[in-house]
């Protein structure tokens, strides 16, 4: 399994999912479903930047780019090659 995807998914589950029975996968909509709000997106962006030692511009850190774990990982990989 992809370690980066797993790390991001675990962070999302730990920080934003209140109901342990709620299934969250790599493709679960985070922003558009309301699971992650705009304030939470800032903390998620901070986690990503610290974890992977990169800086994401505000233009890159869009709700679309942060809507699924898969899209977040895709964005990170653009910076980490």
What do you get for the angle between helix 69-80 and the principal long axis of the chain? Use alpha-carbon atoms, 0 to 90 degrees, nearest ten. 20
For a footprinting-style exposure proxy, rank 31, 72 by other Cβ within 10 Å, fewest first. 31, 72
What angle, in degrees between 0 and 90 and rounded to the nearest 10, separates the Cα long axis of helix 38-51 from the longest principal axis of the Cα atoms of the chain? 50
Taking N as the number of residues in the chain, what is its alpha-carbon radius of gyration divided by 2.2 N^0.38 Å? 1.00
Using Cα atoms only, what is the angle between the long axis of helix 3-16 and the major principal axis of the chain, expressed in degrees (0 to 90) to the nearest 10? 50
Just want the ordering: 4, 41, from fewest to most Cβ atoms lying within 10 Å of their own Cβ. 4, 41
Could you list 39, 66, 26 so that the one with the fewest beta carbons within 10 Å of its beta carbon is first and the one with the most is last? 39, 26, 66
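Taken together, the values in this text are just the output of simple stated rules run on the coordinates, not laboratory data. What you see is a predicted model; the values in this text were computed from it and never measured. Don't worry about glycine lacking a Cβ; one is built from the backbone with ideal geometry, like all the others, and counts go over all protein chains shown.
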